[in-house]
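The values are calculated or read from the model by the stated rules, or taken from the named source; none is laboratory data. These numbers were taken from a predicted model, which means no experiment stands behind them. Positions of Cβ are backbone-derived with ideal geometry, glycine not excepted, and every protein chain shown enters the neighbour counts. Heads up: the accessible areas ignore ligands, DNA and RNA and are worked out on the full protein's heavy atoms, side chains in. Shrake-Rupley method; radii C 1.70, N 1.55, O 1.52, S 1.80 Å.
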Amino acid sequence: MAEISADNEFATFINLFPTKPRDQQKLVDLIVKAHEELIRHRPGYVSGNVHRSVDGYQVVDYTQWRRREDFEAMVRDPASAPHFMPIGELTQGKQGAYDVVYTHVTEEAEGAKEGTGDE
């Protein structure tokens, strides 16, 4: 599970993919396939999350890496092309590198997390 914290030193990348409602699930499937078959196996990978908008017009890919260079090496690797080309045929994503500067979790949510065995 991703740990979003201003205290960790992970490199965070958020990729925004505009899409059409009729293509949203196909795009989600392609991004998840890229995570399952390629991204999560790369050196420096920490976590990944894929979100879809409820209106059908966006997909967001949130990944964390140990270092920015690890992410950049994965993107530059020619072995990545077969996973990213089908995504590029559906949409042109906008990629950004981010630093987490603030997070807040309610006590209620923290208590729920403690009861899951994920500690």
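At-a-glance table
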item	result
Residues of region 1-59 satisfying the condition of being among the aromatic types (Phe, Trp, Tyr) and open to solvent by 90 Å² or more (accessible area, probe 1.4 Å)	TYR57
Residue list for region 60-100, restricted to those being of a type in the set (Gly, Ala, Ser) and surrounded by 15 or more Cβ atoms within 10 Å (Cβ to Cβ)	ALA73, SER80, GLY93
Members of region 7-37 found to be touching a Ser or Thr at 6+ places or on another chain (Cβ under 6 Å) and of a type in the set (A, V, I, L, M), listed by number	LEU27
